[in-house]
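Scroll down for the structure; my scribbles are underneath it.
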Amino acid sequence: MSQLLIASGAFSEAGLTALVSGAILVGVPLLFAGLGELVSERGGVLNIGLEGMMLTGAFFAVWGSDVTGSWQLGLAIAIVAGGLMALLHAFFSITLRADQIVGGTAINFIALGLTTYLLIKIYGDEGTPTDIQTIPNVHLGFLDGIPGIGSFFEDVFGRLNLMIWVAIALVVVTWIVVFKTPVGLRIRSVGEHPRAADTVGINVYAIRYGSVTLSGMLAAAGGAYLSLGFVGSFEDNMTAGRGFIALAALIFGNWRPFGAAAACLLFGFSSALAKALQEFSLSVSVLFEALPYVLTLVAVAGVIGRSIPPASVGRPYVKQ
Amino acid sequence: MTDATSATAELREPLPPSEATGGHAGMGPVADVLLRSILPLVLALGTGAIILAAIGVDPIQYYKDIWSGGVEFAAWQDTAMRVAPLLLIAVGLIVAFKAGIWNLGMDGQFLLAAAVIAGIGPRLEHHLPNAINLIVLFLIAGAVGAVWTIPPALLKARYELNEIITTLMMSFIGINLAGILVKGTFQDPTTTTPQTRALDFSALLPSIPGTESASRRWPGIHIGLLVALAAAVVVWFLISRTSFGLRLGVLGASVRSARHMGLDVSRLIVVSFLLSGLFVGFAAATEILGVKGYVRADWNPAFGLWVVPLVFLARLNALAVIPYVVLLSLASIGGDFAAQNAGLTSKFTLLLVGLTLLFMALTEWIVRRVELGGSYLPGAAARRARGRE
């Protein structure tokens, strides 16, 4: 195993830079979606349509940037589109009290069908245009040439995409909002004990609508980073299950922002490692690819502490 | 922890909408079937037609193309063969859903079973009579599917862990593991394409007598279809005519009642999971031994999720699900042709499946309101209101 790591150059400085950068690149879209799922589940609604909402965001970011000629508007359109998808999920799971798995699955189907259809309809076989305005990188000049530590910091952190910094800020913001503000208390209370929340005058439906919609907007921002920030184009089903990994990361992170962020980076690292190892050993590489799922399974099985979901997640609330 | 336990216990309960509302109070069974099982489909097709018209595609032509692409020439045979895996997965889901268990790991169970028998199949060839080979491979596929449900089953039975997450995780692990097997252990040494060795044509499932015709270019329908139909009958009988089925139903309706009645809940959970995985494994066997003959690393038909809406529309009845499965097979075989003709992507069919799910939830809500006499009042208040009628 360690020989493999050495052989693959993971321990050289260039290898390490590539691994850390890879972990960030893979982890950041997960982070947006994972934080979205956190808000939704803390509010008591399981959002299994995360994958579809990411995909929606990924498409509409590219389309929006292409049509308006500005990445800011592209990103905004993506977030609105993701929010609308989430609103659909909210309507079905909160107002109609439909099963949340059924609603989320429907969202995933519809998003995949819709984005693929639009991709072919608008852009045909050539794919999305290559000259669209993408989300810029942020150049931190002060990291250049810090003496003594080589170029590691400069290479890894010097030119990160704007969305990466936004994601990092969002982790802190989510933590503050969910755990330190009255709004956060309301969200958590409707997720733990909606009846009690209702009794003290909290509008359970409004809070749940808000948290589900926000989750869709965040997931869409993650998708937008993937398409408009990272590769600069949209491909058919480009999220490829990342929504489900984000769901896993949230569980592995025990429904907490910093926990989820650590899980996203860990999963990103494992995926970057899988990529680096691909040409040396296929099976080891695939093992690292499956690691997030194994770790999450182990985590929910209670081997590493106990992960406890919000008490009312998945249960529709009926006002009396 | 007690709170979390009750949450996970509740999570199993919101299942089948039919069970939740206790069937057709205040409405005839015919109206019930029309509203709950047929209306959602009609609404989805109608909305699909509106969407098609809006984007400038003639909806009538599109649906006609689905029909001709799925039925004309030899296509009806492809449609019939597609029924086999879909029906077996549906049957597997019914066994689990009836017990209130969300087995969402069917894609991993399916792909892993497919990879294992596609790898072992060519090695067994020519050693034993073909019939025995096929039976052995069928059983192996079933066993792989069943084994892959054991971790979620035990975690749920022993620690009351929510199976939605565990089965999803097992599904992804299964898909990855199937990838390792296909690219590694079972890789066909004669090609660089990551795929298993293909089974000999003669080693595939035989055709149902009379369905083959060289003059009409019919390839023949493999007997996997009969296996699937038989499985549907068996499961229908098991669930509606045996005490085991009754016990599954009680568990699905309420875990607490099941415990109160003295049922061995843990054992029921494990058995229901195993049966579910067994049928999903069989589904993989019909597809590999009947149609494909090999597995390529990038092959993942994701049949599992397609089937979920059908199972609910059929209200967890293994016989009633058959016409829906036929319809879905038709849509999946004919949909490609129709989409191609209309200049759309074949994923457009997914949109229809998603819409069906949403309309199902919508009609369920309306039906429930009608049943409650137009009242929003849930629970006890509604029961009181209904009692007065």
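Every read-out reported here was derived from the displayed coordinates using simple, explicitly stated rules and does not represent laboratory data. This is a predicted model, so every value here is computed, not measured. Here the Cβ positions follow ideal geometry from the backbone for every residue, glycine too, while neighbour counts run over all protein chains shown.
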Chain A: radius of gyration over Cα atoms, expressed as a fraction of 2.2 N^0.38 Å | 1.02
What longest region of chain B stays clear of chymotrypsin sites (Phe, Trp or Tyr not before Pro) that DSSP places outside H, G, I, E and B and that have at most 15 other Cβ atoms within 10 Å?
-> B:74-375
How big is the C-alpha Rg of the protein assembly as shown next to the rule-of-thumb value 2.2 N^0.38 Å, as a ratio?
-> 0.96
Let me have the 222 nm mean residue ellipticity of chain B computed from DSSP H runs of 4+ only, each contributing -39500 (n - 2.57), with the sum over all residues rounded to the nearest 500.
-> -22000 deg cm²/dmol
In whole angstrom, note down how far apart the Cα centers of the stretch B:109-145 and the stretch A:201-255 are.
-> 40
For chain B, just the Cα atoms, rotate onto the principal axes and tell me the three extents in Å, largest first.
-> 72, 54, 35
Relative contact order for the stretch A:204-320: what is it in percent, counting Cα pairs under 8 Å that are at least 6 residues apart?
-> 20
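Give me D for the stretch A:60-130 in µm² s⁻¹, whole number, from Stokes-Einstein with Rh from the Kirkwood sum over alpha-carbon pairs, 4 °C and 1.567 mPa s.
97
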What is the pair-distance distribution P(r) of the stretch A:29-188, computed from all Cα-Cα distances in 10 Å bins starting at 0, with each bin given as a whole percent?
-> 10, 29, 31, 21, 8, 1, 0
What is the Cα centroid distance between the stretch B:203-272 and the stretch B:296-362, reported in whole angstrom?
-> 20
Prolate/oblate/rounded call for the stretch A:96-139, Cα gyration tensor, a/c under 1.5 rounded | oblate
Based on the Kirkwood radius over alpha-carbon pairs, what is the Stokes-Einstein translational diffusion coefficient of the stretch A:166-283 at 4 °C with 1.567 mPa s viscosity, in µm²/s?
-> 79
Residues with amide H under 5 Å from that of B:Asp188, placed H, sequence gap 5 or more = B:Gln195, B:Thr196, B:Arg197
Largest to smallest principal axis extent of the C-alpha atoms in the stretch B:47-189, angstrom = 51, 47, 29
Dimensionless Rg/Rh of the stretch B:116-171 - Kirkwood Rh, Rg from C-alpha atoms = 1.21
